[in-house]
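Worksheet for the structure shown next.
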Amino acid sequence: MTSTHLVSSPPLPAPCGPLSAGVMDFITGKSTAAPLTAGGLEPMSRDLHVALATCYELHYRGFDGVDDRWEWDPEVLRFRAALEASFLSYLRDSVEPGYDAMAEMEFLSVAHSSGSGPSWYLRDEGSWDHMREYFVHRSIYHLKEADPHAWAIPRLHGQAKASYVAVEFDEYGGGRGERVHQKLWADLMDAADLDSTYLGYTDRAPAETLAWVNLMSLFGLHRGLRGATVGHFAATEITSSPGSQRLVTGLERLGAPQACIEFYAEHVEADAVHEQLLRHDVVGGLIRTEPHLESDIVFGMRALDFVDAALGDRMLAAWNSGLSSLI
C-alpha cells in the first residue's frame, strides 16, 4: 500500500526589496495598492527573482494563507509581465542566437574527460558539506521536477507530443508514486539531513539559483516560448546523464547515503534514454511541423547553459574561497 501524506501550500518567502515586498503585500491583503515596477529593473537582482518566483508559484502550489484566485489577477499578471520582460530581454542580449538545433545537440553531447563546473569539483575534491550545499541549491527545482516542462504538453502535436509525454511519464515515476523524481529528491534531502519541505530553502537561495528555476517557468507558461521550453528540456536531459554520473562518483567517494546515490544513478540511466527521444522525436518532430521555432529551440538550450554557468560560477567562487554560496 502506498503511504499518503497531506499536501499543503508553502509559506511565502521573505521579501528582500520593494518588488518582492510589493507583490506579497498585495496578495496577502496588507496593501490594496497594486505592485509597481517603477524605475529601471535589475534583471538579475534577488529582489526581482523572489518577486517573479512568487508570481510563478501561484500557478503551482500557491501559498499558505493566499487565496488561489490571485493566480489570474490582472494586476499580478501585469506586474509579472514587467519582470519577465526585463529578465527575457537580458537573456536575449546575453545569449548568442543560433539556428541549427541538431548541431546544438551534437555539441552538447560531446563527452569531455575534464571540466570545471560543480559536478566535476564534487566528483574529485568537494566535501560532504559542499555536496549538501549543492543539494540545497538544486532543491528549489528538484522538488518540482518535471512540472515546469509539463506546461508544454498541450502546446505540442503529433509525435513531438507523444514522445515528450513519454519522457515526462518517466519523470513522474512511470505511474508509481514512490518513484516520482520529486519524491526521490525528497528522500535524498532526508538522507542528507536536510529540509525536504517544498521550497524550504527559498530564503537561502541566491538570485542565480532562483533565476535558474524561474527560467523554466518563464518558458513553460508562455505558449509563444514553447520552442524554448522544448530546447531547455532537451538540453537538460542531454547534459544530465554525464553530470549525474560524476555526482554518483563523488557521492560514492564521500560514502554518502544510498538514497543520495540512487537519485543520481536513476538519472544516469533514464536521461540517456530520454536524450534520444528528445533529440529525434521531440526536437526533430517539432522542427518538422513548426520549422519557424528552431531558433527558439536553440535559444532555450543556450539560455539554460547561461543561467547554469552563472550558478556554477557562484558556487565554485565561494567554495574556492572557503565560503558558502548560499544567502
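Suppose a student asked you for the relative contact order of the stretch 36-179, using Cα pairs under 8 Å spaced at least 6 residues apart; what percent would you report? List each step's numbers first, then the result.
Details: 44 pairs, mean separation 22.9, N = 144.
Relative contact order comes out at 16 percent.
Explain nothing, just the number: relative contact order of the chain, from Cα pairs under 8 Å at least 6 residues apart, as a whole percent. Don't skip to the end; give the middle numbers.
On the way: 434 pairs, mean separation 75.1, N = 327.
The value is 23 percent.
Net charge around Gly285, counting only other residues with Cβ within less than 14 Å of its Cβ (Lys, Arg = +1; Asp, Glu = -1)? Show your work: numbers first, answer last.
Working: positive: Arg155, Lys161, Arg226, Arg279, Arg288; negative: Asp281, Glu290, Glu294.
Once all neighbours under 14 Å are counted, the net charge is +2.
Quick check: net charge around Ser325, other residues with Cβ under 15 Å of its Cβ, Lys/Arg +1 and Asp/Glu -1? Write down the numbers at each step before the final one.
Numbers: positive: Arg46, Arg132, Arg138, Arg204, Arg314; negative: Asp129, Glu133, Asp203, Glu208, Asp308, Asp313.
Overall, the nearby charge balance is -1.
Rg/Rh for the stretch 28-69: what does it come to with C-alpha atoms and Rh from Kirkwood?
Rounded to two decimals, Rg over Rh is 1.00.
Going highest first, how would you order 232-241, 215-224, 101-110 by mean Cβ packing within 10 Å?
Details: 232-241: 23.8, 215-224: 19.9, 101-110: 16.0.
Final packing ranking: 232-241, 215-224, 101-110.
Where does the chain land on Rg/Rh, using Cα atoms and the Kirkwood Rh? Walk me through the intermediate numbers first.
Values: Rg = 19.3 Å, Rh = 20.4 Å.
Across the chain, the Cα-based Rg/Rh ratio is 0.95.
Expressed as a fraction of 2.2 N^0.38 Å, the rule-of-thumb size for a compact globular protein of N residues, what is the C-alpha radius of gyration of the stretch 1-86? Mind showing how you got there, number by number?
Numbers: Rg = 13.9 Å, N = 86, 2.2 N^0.38 = 12.0 Å.
Against the empirical 2.2 N^0.38 Å value, I get 1.16 for the stretch 1-86.
Under 1.5 on a/c is rounded, so check that first for the stretch 261-319, then, if it is not, pick prolate when a/b is larger than b/c and oblate when it is not; a ≥ b ≥ c are the square roots of the alpha carbon gyration tensor eigenvalues.
Working: a/c = 6.08, a/b = 1.38, b/c = 4.40.
Taking the square roots of the gyration eigenvalues as a ≥ b ≥ c, the stretch 261-319 is oblate.
Starting from a Cα-only point model with no solvent, please compute log10 I(q)/I(0) by Debye for the stretch 134-266 at q = 0.20 1/Å.
-1.29
Quick check: convex hull of the Cα atoms in the stretch 190-327, volume per residue, rounded to a whole Å³?
Working: hull volume 16.4 nm³, N = 138.
Normalising the Cα hull of the stretch 190-327 by residue number yields 119 Å³.
Rounded to the nearest Å, what's the spacing between the alpha carbon centres of the stretch 155-175 and the stretch 204-282? Just the number, please.
Cα centroid of the stretch 155-175 versus Cα centroid of the stretch 204-282: 16 Å apart.
What's the carbon and sulfur percent of the stretch 1-95's accessible surface, probe 1.4 angstrom, rounded to a whole number? Don't jump to the answer; show the numbers that get you there.
Numbers: 2830 of 5140 Å².
Here carbon and sulfur together make up 55 percent of the probe-accessible area.
How charged is the neighbourhood of Leu188? Take every other residue with its Cβ under 13 Å from the Cβ of Leu188, and add Lys/Arg as +1 and Asp/Glu as -1. Write down the numbers at each step before the final one.
Details: positive: Arg132, Arg138, Lys183; negative: Glu145, Asp187, Asp190, Asp193, Asp195, Glu262, Glu266.
It works out to a net charge of -4.
Using a 1.4 Å probe and counting only protein heavy atoms, arrange Ile287, Ile297 so the residue with the most accessible area comes first.
On the way: Ile287 30, Ile297 0 Å².
Ranking Ile287, Ile297 by accessible area, largest first, yields Ile287, Ile297.
Taking only protein heavy atoms into account and a 1.4 Å probe, give the accessible area per residue of the stretch 1-117 in Å². Walk me through the intermediate numbers first.
Numbers: 6750 Å² over 117 residues.
Dividing the accessible area of the stretch 1-117 by its residue count gives 58 Å².
Compute the accessible area per residue over the stretch 148-221, keeping the other protein chains in place, probe 1.4 Å, unit Å².
36
Using all C-alpha to C-alpha distances in the stretch 1-154, build P(r) with 5 Å bins and read off the rounded percent in each one.
That works out to 1, 7, 12, 14, 16, 15, 13, 10, 7, 3, 1, 0, in percent per bin.
Per the 1.4 Å probe, what fraction of the accessible area of the stretch 202-273, in percent, lies on carbon and sulfur atoms? Please report the intermediate quantities before stating the final value.
Numbers: 1100 of 2120 Å².
Carbon and sulfur together cover 52 percent of it.
The values are calculated or read from the model by the stated rules, or taken from the named source; none is laboratory data. Just so you know, these numbers come straight off a predicted model, no measurement behind them. No Cβ is skipped: glycine too gets one built from the backbone with ideal geometry, and neighbour counts run over all protein chains shown. Ligands, DNA and RNA are excluded from the accessible area calculation, which covers all protein heavy atoms including side chains. Shrake-Rupley method; radii C 1.70, N 1.55, O 1.52, S 1.80 Å.
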